[in-house]
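Here's the structure, in structure tokens; my notes come after.
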Amino acid sequence: MTIEDIIKPENLVYQKSKLLTEKPFHYCPGCGHGTTHRIIAEVLEELGVDEETIGVAPVGCSVMAYDYFDVDFQEAAHGRAPALATGLKRVWPNKVIFTYQGDGDLAAIGTAETIHACNRGENITMIFVNNGIYGMTGGQMAPTTLEGMKTATTPYGRKATLPAGAGFDGIPCNGYPLRITELIAQLPGTKFVTRQAVYNPACVRKAKAAIKKAFENQINGKSGVNFVEIVSNCNSNWKMEPVAANKWLVENMLPFYPLGDIKVDGKLVEK
Amino acid sequence: MASFKGAIVVNTERCKGCGVCAANCPVGVISLAKEVNGKGYNYAYMAEPDKCIGCASCGMVCPDGVITVYKVKL
Amino acid sequence: MGELKLMKGNEALAEAAIRYGCDAYYGYPITPQSEVIEYLMEQNPYERTGMVVLQAESEIAAINMVYAAGASGKRVMTSSSSPGVSLKQEGIAYIAGAEVPCVYSDVVRGGPGLGTIQPSQADYFQACKGGGNGDYKNIVLAPASVQEMADFVALGFELAFKYRMACCILSDGAIGQMMEKVVLPEQKPRMTEEEIKANYPWATTGRKRGTQHRVITSLDLDSVKMEAHNRHLQEKYRMVEENEVRFEEIDCEDAEYVFVAYGSSARIAQKSVQLARTEGLKVGLLRPITLFPFPTKAIQNLIDRGTKGFLAVELSCGQMIEDVKLAVNGRVKAEHFGRVGGIIHTPEEVLEAMKKQIIGE
């Protein structure tokens, strides 16, 4: 059997979702944004809700997410995506509304919008891509940057407090990495809160199932934010090869940002 | 036990050569080409096509959606 | 014939919004305009018409909710007062860039900063000259009565959707808080999804399969496209200047000297005109109803007809006067008079200023 015999439409088992446009992603090689875009598009295609979907793009690397999804989209100001989603969902309760945001957008400048959309229990889906760094602006510290992690604005590593020496030890410095996902899970307005990743096939499958649940909950429900964090990479700003970055993610990000469901059907998952 | 034979088609011009597919192929089918595409990337290709089982792991992890996977049951 | 009621300016605006068939109000309380959201909440508009009223976590969130709903073709509005409107400028600039129709009410109070809760007209620049970042304008309507607070809701939405831009209803603490009789319009139905889709093909309502998906954004990294977009916006603003100027002339037929005043200052200057006339002085009042577009030609026509001087009367240190001077272009005298800090000028001192600064000995 030759390769030509296999490559036939009837033997197709996997291809890029039709809900992605032909425009090539501008993301760096190996970036988890692309993978996350792909599985969101697959979920929307499988659910058949593309004619009812309005996405909200953030400011950050994924600012032009609207170019890649073949669904209607709005571009938000930095951090305001949950406010846009609220504004939309309240006047279009039957449409499928989702935000796509990075860590700086969702957990720094947009913290108020994030917490209050979650606390109001807006019936929306929020996708949160956490790579622990500001990608678009060139690798500065994010609220989710790990302690010790070197970034453009923490060139000697993030320090929550100043270290011993020179008599300043213990004084606040860069603060602590923020587990915003655990934080919003505490709010009564969140329904489904989960942390996933996309660095290997097994976790891509799980992440896709979680995203599907996050959309199904919205479609079948009346209230409650469905929140999916994707722990992702930033090869360029972590200054690593893509495969090495994924290994670093597993070894360093996941111990602090453990994968799994945090809240299901409005109930915190017992650990 | 049924066995499968697979094949992948890489959109080489859109491949960025990140190598995540190769790292995640369970049977070592994929390598990065010595040649480069129009953007200068060493694109992914089936270096050992006979080994492909059509599991679609490569397609699943490809950040740019450039891999299409086919599979037949033998 | 509509319903006659005694209402506050802020309440009249809120009631008019419900009756216009407004789909949503997203706001945040701030003195002196909190009656807008309080009245709306009390009226239960969700039950009356299906109108959504939401108290947001901040002015920033509120204006961004407005952006999203407006970008999906819904009639949506917000309201605030000066420091709150400063916070909203981020969203208003995005609204301008992305060409989103919406209405916002700015019940101006004194500044800068937290300033005072008393009436002021010191946010003319912010409202009329852009306010946020970039080259843009908003349509600015200046009500001088409770009746106009109500009437300008419908006018504001019509202009906002006609030109796909924000329309500001710029009043002040006096107009927002005063009670007057108002004739309220008849209840209109809210637009259906089908009507929105038919009338506003640009709106993000969910794209039909096989058609181009729609994107509402103010971003384009392609400089050529961004220049073209900016030129398009400017062309639109020229159209607004060409077609939408509104003003009122009071005793201007034979006026040698004319007050230029809007909103609560126009009410005071109207009395000053009466005082001047009893003294035999030929004084009139030009009241801009649209501040952008500014009634430049009306001023030039008055000069052509023999007006020899203008006094811009504003509750500010001199903002609208710049547009008056641009219109006058040095042909006759144009000066500013205004009280600030929450003090409202008296008709007598306004007339006195006209005599001293314009008419002379």
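Are any residues in the range C:122-144 out of contact with any strand residue (DSSP E or B) (no Cβ under 6 Å at 6 or more places or on another chain) and closer than 23 Å to C:Ala17 by Cβ, and if so, which ones?
C:Gln126, C:Gly131, C:Ala144, listed by residue number.
Inside the range C:213-226, can you point out the residues that are exposed (fewer than 14 other Cβ atoms within 10 Å of the Cβ) and more than 10 Å from chain A (Cβ to nearest Cβ)?
Within the range C:213-226, C:Asp222, C:Ser223, C:Val224, C:Lys225 qualify.
Residues C:Gly263, C:Gly341: which one is under 29 Å from C:Asp151 (Cβ atoms), small (Gly, Ala, Ser) and under 24 Å from the mean Cα position of the chain (by Cα)?
Just a single option satisfies the conditions, and that option is C:Gly263.
Counting residues that are touching a helix residue (DSSP H, G or I) at 6+ places or on another chain (Cβ under 8 Å) and modelled with pLDDT of 95 or more, which helices (runs of 4 or more DSSP H) fully inside the range A:1-107 reach at least 1?
The helices (runs of 4 or more DSSP H) meeting that bar are A:32-47, A:81-91.
Out of C:Gln121, C:Gln147, C:Gln126, C:Gln89, I need the residue that is within 14 Å of chain A (Cβ to nearest Cβ), within 15 Å of the chain's Cα centre (by Cα) and polar (S, T, N, Q). Which one?
Numbers: C:Gln121 fails: within 14 Å of chain A (Cβ to nearest Cβ); C:Gln147 fails: within 14 Å of chain A (Cβ to nearest Cβ); C:Gln126 fails: within 14 Å of chain A (Cβ to nearest Cβ).
Only one candidate passes the filter, namely C:Gln89.
Looking at (1) touching a helix residue (DSSP H, G or I) at 6+ places or on another chain (Cβ under 6 Å); (2) more than 7 Å from every other protein chain (Cβ to nearest Cβ); (3) more than 22 Å from C:Tyr237 (Cα to Cα), which is the one condition that is false for C:Ile95?
Going through (1) touching a helix residue (DSSP H, G or I) at 6+ places or on another chain (Cβ under 6 Å); (2) more than 7 Å from every other protein chain (Cβ to nearest Cβ); (3) more than 22 Å from C:Tyr237 (Cα to Cα) one by one, C:Ile95 breaks only (3).
Going through the range B:1-20 one residue at a time, which ones are more than 7 Å from chain A (Cβ to nearest Cβ), in a loop (DSSP other than H, G, I, E, B) and surrounded by 17 or more Cβ atoms within 10 Å (Cβ to Cβ)? Steps first, answer last, please.
Looking only at the range B:1-20, we keep the residues that are more than 7 Å from chain A (Cβ to nearest Cβ), and these are B:1-4, B:8, B:10-13, B:15.
Now drop any that are not in a loop (DSSP other than H, G, I, E, B), which leaves B:1-3, B:11-13, B:15.
The answer is B:Asn11, B:Thr12, B:Cys15.
Would you mind finding the one in A:Lys247, A:Lys263 that is closer than 24 Å to A:Ala142 by Cβ, assigned to a helix (DSSP H, G or I) and modelled with pLDDT of 95 or more?
After ruling out the rest, the residue left standing is A:Lys247.
Would a scan of the range C:58-71 turn up a residue that is more than 9 Å from chain A (Cβ to nearest Cβ) and outside any loop (DSSP other than H, G, I, E, B)?
yes
What number of residues in the range A:57-97 are in contact (Cβ under 8 Å) with a residue 60 or more places away in the chain and at the interface with chain C (Cβ under 7 Å from one of its Cβ atoms)?
Matching residues across the range A:57-97 total 1.
Give the range B:55-74 a look and list any residue that's at the interface with another protein chain (Cβ under 7 Å from one of its Cβ atoms) and among the aliphatic types (A, V, I, L, M), or say none.
B:Ala56, B:Met60, B:Val61, B:Val69, B:Val72
Just to verify a result, which residue in the range C:194-212, among those that are surrounded by 14 or more Cβ atoms within 10 Å (Cβ to Cβ) and either of a type in the set (D, E, K, R) or farther than 26 Å from C:Gly97 by Cβ (or both), is nearest to the other protein chains (Cβ to nearest Cβ)?
C:Arg207
The values are calculated or read from the model by the stated rules, or taken from the named source; none is laboratory data. None of the values given here were measured: they were computed from a predicted structure. Don't worry about glycine lacking a Cβ; one is built from the backbone with ideal geometry, like all the others, and counts go over all protein chains shown.
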